[in-house]
Amino acid sequence: MNNIEDDHLKFSSSPPIYPSEDPTRFLSLRTKFSLFVSLVIILVCTGLSGFLIQQEARIMKQSLLNTGTLLVTTLNKISLNRLIIQDTDYLERMLAGSLSAPEVVYAITRDQNGQMLVSQSKGILVNTAEVIRDARQPLLPDETHTTPIFSQPPHASSFAQPLITILQTWDSEGVISLRPTDTVSTPRSWVISQETIYDFALPVYRQSRPSITLDLLSSETLGPSRSAKQPPTAIIGMIQVGISTTHMQNALNQTVWNIGLLTLGIILLGIGLTVLLANRIITPLQKLAKAAQQIAAGNIHVSVDPETQDEVGQLTRSINQMAEGLQHRELSISTYMTTITKQVRQLSTLHQTGTIITSTLDLQKLFSTMLDVLHENLGFHRMVLILKDPEQNQAVIAQVSGIPLEYVPRLENQTFAISPGTVDETLLIHGQPVLITDLGKIGDQLNPVIRSVADILGVTSCIGAPLISHQHVLGYLGADKGGTLCTQEDLNLLMTIANHVAVAIDNARTYQDMENLAQSLEQRVIDRTKDLQSANERLKELDRLKSAFVSIVSHELRTPMTSIKGLVENMIDGLTGNLNERQSFYLDRVKHNIERLTRMINDLLDLSRIEAGKMDLHLGPVNVGSLAREVVELLQPMAEERHLLLQAKVISPIPLIHADRDKLIQILTNLITNAIKFTDASGTVSVEVRPQDNGSSVGTCIQDTGCGIPLEEQQTIFERFYRGQTADVKNRGAGLGLAITKSLVELHGGRIWVSSTPGEGSQFSLNLPLCPPEQLTKIS
């Protein structure tokens, strides 16, 4: 008894032991989160600031060049006549007016020999920050860099645009001069100063007088004809203007300073918000981690107050519910342990019997062992096991124990009918237990076989317990205690044993049935597995042969098709002689069908590569908007031939995506061609490209006003070799275009779908990410 209780009640109350963790060996989640987000903020802000500064510098420089070009061109036009008569007063006023622009440092008018005729200068730069100049020291360039203008003849001159030279101020012992930045003759004693000047030089040409000629080729009138433009005859001077970059540099420095301060402020604000967000998220998680450690250590009476209503708060409430559940579980386990201990004490005497009953599934061994153990350990002198035949209204004596050997053959394996009004009917039909205290009074209710042996052995009192399993009576156990009167307690004990025996018998029979069924099923599974393996091998071989056949046939067909197409084109072009109208018509149809077969062969090859996983993507930056316009332009003749309006609409700005340009052209061509084919005359096909998902992807929509697609076909339209049943036969293809299109879109990590209303048109939409996932691409 004590051994049994010890075996059942050995439970460990000590908490599990976990290896200690050193917090100094790793960074906390708060630190990693803050560092990561801060680094991202810094990189994004600095990169954006650098880009903005570069753009601003480029714009300022271009504005400076435009200003200089416009000014020198204007002065060139208004000084033509004044240079001819060398009106210096007018030229001085003109140059003085040009100096009103803050960027202009000097303005010079030179004669036809390149000598300075009139000049105006604001002087050298004294204060860079406030752009203060000393007019007493004029700052003028020499004529060396403008010499090529005067050395070339007018008709060969390429100076329709001003000659722009970058000059740098040089300091030679206190004397400031201007020299080109690429000069090689500057003495080493000269020191470069702080100012850069763009010199704009534009020659002034003398225009020849317009000539008058007679237009003898006109069929309507004869009259004079003036040439629209006469070439220049000679250089009469040159206008030279110097534009300083000091104002631009000061503005750019101020812009850099402002952007730097703004970037620093944004970075500091982002880091501060990151720290606050990290504290908001990590602090409740730390509390949850401590609570989880306490629960793991065995302290289940712990709870954490939820501070938020988000996922962390839900996790907190879940942990609290888990702790409460563990508390209830611990209380339930304590209650169950008390009940189990009581039941173990009550059933300890039957433990050995139950062990023997459940130790075997052999019915004969089970019956003999069970009755012997019960006979020896429970105080029953004689026992009998009777089983019911479920198919016939009769029973058989399966096993006896405690009976002299000479009487065993008279009882075992004896069959008898279940008669109405007998003890056998009560036990085997009604399933009710029987307690007989005086066998002599009801002896006529026993079957004759058992009654004859009982009279010989002197049985006066006995009990019977039915064997019931799953509400079916399997038989019953009968026993007596010799000369001792049987009691209700004996009957209760026998009923407890009978329940175990009934289960054991039912399990043994079920096991035998299942074993027989398992053997049958195992054989069937083996046979079916062999069939499936054979079929699978055949299918694999057929699929391999199909792919090889498609690839080989496609390659073998493409070469003769190319030759045939070339020969037909030669015939159409007249290389074999003149063709009549019917011959030309037939050859055009042959060429059309050859091109159609070629497209089908290419589609088969693409599909074969996609199925074999050998379709490579040559990725690069692509503007989907420009690409869509290009494809629309290429397909305009096809649309005009069918009297359709084909238009493209691009909603800027369209970000560049990382994709295969040729594959995108194939995708757009397939979709737009389908839209044109299935749209009647006077219809419209529109292609729209716009950024999607906050700029993380680009969406493209091809919409037509054609016949539309029924709802039941929209689910299967992207399958291989599927051709629409409602479309005209002449417009049906091989059923590969949309399947290949969907595969190419998915290779780029995108998706494609269709929405359509029959009779109103269809809309094919595809969405491509800026960069396809690496696992979906094979970049060559």
Can you tell me which of (1) over 16 Å from Thr669 (Cα atoms); (2) at pLDDT below 85; (3) open to solvent by less than 20 Å² (accessible area, probe 1.4 Å) is the one Leu736 doesn't meet? (1)
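Looking for something among the small types (Gly, Ala, Ser), crowded, with 16+ Cβ neighbours inside 10 Å, under 53 Å from the mean Cα position of the chain (by Cα) and at pLDDT 85 or above - is there at least one such residue anywhere in region 39-54?
Yes, the conditions are met somewhere in region 39-54.
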Sort out which residues of region 303-332 are out of contact with any Pro (no Cβ under 7 Å at 6 or more places or on another chain), open to solvent by less than 50 Å² (accessible area, probe 1.4 Å) and part of a helix (DSSP H, G or I), and write them in order of number. Ile319, Asn320, Ala323, Gly325, Ser332
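Condition first: assigned to a helix (DSSP H, G or I) and of a type in the set (S, T, N, Q). Now tell me which residues in region 630-682 satisfy that.
Within region 630-682, Gln636, Gln666, Thr669, Asn670, Thr673, Asn674 meet the criteria.
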Looking at region 443-462, can you tell me whether even one residue there is touching a strand residue (DSSP E or B) at 6+ places or on another chain (Cβ under 8 Å), open to solvent by 30 Å² or more (accessible area, probe 1.4 Å), closer than 18 Å to Phe367 by Cα and hydrophobic (A, V, I, L, M, F, W, C)? no
Which ones in region 55-72 are surrounded by 13 or more Cβ atoms within 10 Å (Cβ to Cβ), among the hydroxyl-bearing types (Ser, Thr, Tyr) and out of contact with any Phe, Trp or Tyr (no Cβ under 9 Å at 6 or more places or on another chain)? Thr67
Only one of Ile295, Ile259, Ile300, Ile282 is over 30 Å from Ile197 (Cβ atoms), surrounded by 13 or more Cβ atoms within 10 Å (Cβ to Cβ) and either in contact with a Gly (Cβ under 7 Å, 6 or more places away or on another chain) or touching a residue at least 40 places away in the same chain (Cβ under 8 Å) (or both); which? Ile282
Restricting to region 404-442, give me the number of residues that are at pLDDT below 85, in a helix (DSSP H, G or I), open to solvent by less than 40 Å² (accessible area, probe 1.4 Å) and in contact with a helix residue (DSSP H, G or I) (Cβ under 7 Å, 6 or more places away or on another chain). 1
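A quick yes/no check of all residues on (1) farther than 24 Å from Ala417 by Cα; (2) buried (at least 23 other Cβ atoms within 10 Å of the Cβ); (3) more than 60 Å from the chain's Cα centre (by Cα):
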| position | (1), (2), (3) |
| --- | --- |
| Gly464 | no, yes, yes |
| Ser469 | no, no, no |
| Leu477 | no, yes, yes |
| Gly483 | yes, no, yes |
| Cys486 | yes, no, yes |
| Glu489 | yes, no, yes |
| Arg509 | no, no, no |
Against the definition (within 23 Å of Val687 (Cβ to Cβ) and part of a helix (DSSP H, G or I)), how does Glu595 come out, yes or no? no
For region 705-718, indicate whether the set of residues that are under 26 Å from Glu633 (Cβ atoms), open to solvent by less than 30 Å² (accessible area, probe 1.4 Å) and modelled with pLDDT of 90 or more is non-empty. no
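Let's see how each residue does on (1) within 25 Å of Asp616 (Cα to Cα); (2) surrounded by 14 or more Cβ atoms within 10 Å (Cβ to Cβ); (3) aromatic (Phe, Trp, Tyr):
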site	(1), (2), (3)
Ile651	no, no, no
Pro655	yes, yes, no
Gly683	no, yes, no
Gly699	yes, yes, no
Do we have any residue at all in region 76-91 that's aromatic (Phe, Trp, Tyr), without any contact (Cβ under 8 Å) to a residue 40 or more places away in the chain and surrounded by fewer than 14 Cβ atoms within 10 Å (Cβ to Cβ)? no
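The values are calculated or read from the model by the stated rules, or taken from the named source; none is laboratory data. Everything quoted here is computed from the prediction, not taken from an experiment. Positions of Cβ are generated from backbone atoms using ideal geometry, with glycine treated the same way; all protein chains shown enter the neighbour counts. Calculation scope for accessible area: heavy atoms of the full protein, side chains included, ligands and nucleic acids excluded. Shrake-Rupley method; radii C 1.70, N 1.55, O 1.52, S 1.80 Å.
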